[in-house]
Amino acid sequence: MKGLKILGLCTLLSVTLLGKEIQIVAYEWAYEPKEIVLKKDEPVTLTLVSKEGDHGLGSKELGFDLEASPGKPESVEIKPTEVGEYIGKCTVPCGSGHKKMLLKIKVE
Ligand SMILES: [Cu+2]
């Protein structure tokens, strides 16, 4: 029982210290997942991973702009301060489907 308690405490501590990370995979031409949900006033790390080609992901309102190519992911920590629905867009001209690369970002 004691061991379990300590384990629980450690999990709680690491979640608090490390925060939450969401990985978004970019490919030609979309993101996986297509939608992410963030919590207002909670720091979160967004990591963009590319499966093929060079892609970006940015949102002016949320204040970030990531670029990734295969084997070279990029991360940013953000803390959304307003509830709402935002759209993340690809910021690297990546080909014919570039404009279709949209990620729904919900802050609740
Ligand atoms: Cu693009």
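Coordinate-derived values only; no laboratory data. These numbers were taken from a predicted model, which means no experiment stands behind them. A quick note on method: Cβ atoms are made from the backbone with ideal geometry, for glycine too, and the neighbour counts reach across all protein chains shown.
Here are the numbers for the structure shown:
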quantity: Cβ-defined net charge surrounding LYS104, 9 Å radius [Lys, Arg +1; Asp, Glu -1]; calculated: 0
quantity: Distance between modelled label sites at LYS104 and VAL76, nm, 7 Å Cα→Cβ extension; calculated: 2.2 nm
